[in-house]
Amino acid sequence: MIDFNFLSIAKLEPDTELEPFDCGDVDLNSFLLDDAKNYYEDFLGVTYFAEYNQKLVAYYCLFNDKIVFDFSGKDDPLRSQWKSFNKKNKIHFKKQRKTYPAVKIGRLAVNSDFKGNSIGSYILEIVTTMITSTRDIGCRFITVDAYKDAFGFYLKNGFEFLSSEDEGDNTRLMYYDLKRIP
Ligand SMILES: CC(C)(COP(=O)(O)OP(=O)(O)OC[C@H]1O[C@@H](n2cnc3c(N)ncnc32)[C@H](O)[C@@H]1OP(=O)(O)O)[C@@H](O)C(=O)NCCC(=O)NCCS
């Protein structure tokens, strides 16, 4: 078991030196080593990495997002999806919008040697706390384009599928309502 007192999280800066990382997914491995710093320099995403006993055990990348329901008329099926979304998330009709502010988890990966130790879940808690603790900016949801293999992980952590339209796809848009936090 991991002792989370020894797990530290830091922001990836342009001068951060990283050791090789393997989470079992080539694209996610190479994002960290080849792209993350460019995203940072271009203000497109901020990457954080987790170390445990000085070993690189996980990383995640965050950027701003929004949940959009771009329907046109009463008969647009997206309108009924929007209505059930509002109902499910208890958004009062006076506060209902076609777009809601969100933060996207652009990437999340745990070192293969450390999977199944609740590090991924811990990171989701860290992200939630980071967004909600200061309340410096409006953000209602966390979003993620989840890989098929990770649907179960996000569902266990309280995420839901936004729509049934991407059912059967290899990645699906999932969201977490930050207002659910007690
Ligand atoms: C998906 C990933 C981030 C999960 O991280 P992790 O630290 O291993 O997950 P946790 O230990 O916090 O798991 C929390 C719960 O989710 C479950 N879970 C974890 N990965 C799962 C998966 N792929 N499918 C179904 N359930 C999963 C765990 O069994 C655990 O359930 P429990 O509480 O009943 O024991 C990690 O496996 C990973 O990096 N995978 C490869 C890259 C990837 O798919 N990233 C997601 C991109 S969207």
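Things to note:
- Considering the conditions (1) under 24 Å from Phe6 (Cβ atoms); (2) at pLDDT below 95; (3) open to solvent by 90 Å² or more (accessible area, probe 1.4 Å), Leu18 is excluded by exactly one of them, (3).
- Spans of helices (runs of 4 or more DSSP H) in segment 73-182 with at least 3 residues at pLDDT 95 or above and either among the small types (Gly, Ala, Ser) or more than 16 Å from the ligand (Cβ to nearest atom) (or both): 77-88, 119-134
- Selection count, segment 132-178, where residues are touching a strand residue (DSSP E or B) at 6+ places or on another chain (Cβ under 9 Å), open to solvent by 80 Å² or more (accessible area, probe 1.4 Å) and among the basic types (Lys, Arg): 1
- Segment 4-59 - residue that is assigned to a helix (DSSP H, G or I) and within 14 Å of the ligand (Cβ to nearest atom) and, of those, nearest to Val127 (Cα to Cα): Phe4
- Test: residue in segment 91-102 that is in contact (Cβ under 8 Å) with a residue 24 or more places away in the chain and closer than 30 Å to Asn29 by Cβ: yes
- Only one of the numbered conditions (1) open to solvent by 70 Å² or more (accessible area, probe 1.4 Å); (2) touching a Leu at 6+ places or on another chain (Cβ under 9 Å) is violated by Gly45, and that is (1).
- Looking across segment 82-102, the residues that are under 22 Å from the mean Cα position of the chain (by Cα) and surrounded by 11 or more Cβ atoms within 10 Å (Cβ to Cβ) come down to Trp82, Phe85, Asn86, Asn89, Ile91, Arg97, Lys98, Tyr100, Pro101, Ala102.
- Figure legend. Inter-residue proximity from segment 104-122: first residues under 15 Å from Asp27 (Cβ atoms), second residues open to solvent by 60 Å² or more (accessible area, probe 1.4 Å) and within 6 Å of the ligand (Cβ to nearest atom), beta-carbon distance below 6 Å, spacing 6+ or different chains. Indicated pairs: Ser112/Gly24.
- Screening Asp22 on (1) touching a Ser or Thr at 6+ places or on another chain (Cβ under 7 Å); (2) under 30 Å from Asn89 (Cα atoms); (3) of a type in the set (Asp, Glu) shows it passes everything except condition (2).
- Test: Leu62 is out of contact with any Gly (no Cβ under 6 Å at 6 or more places or on another chain), part of a helix (DSSP H, G or I), touching a residue at least 60 places away in the same chain (Cβ under 8 Å) and open to solvent by less than 50 Å² (accessible area, probe 1.4 Å): no
The values are calculated or read from the model by the stated rules, or taken from the named source; none is laboratory data. Computed from a predicted model, the values in this text were never measured in an experiment. No Cβ is skipped: glycine too gets one built from the backbone with ideal geometry, and neighbour counts run over all protein chains shown. Heavy atoms of the whole protein, side chains included, go into the accessibility calculation; ligands, DNA and RNA do not. Shrake-Rupley method; radii C 1.70, N 1.55, O 1.52, S 1.80 Å.
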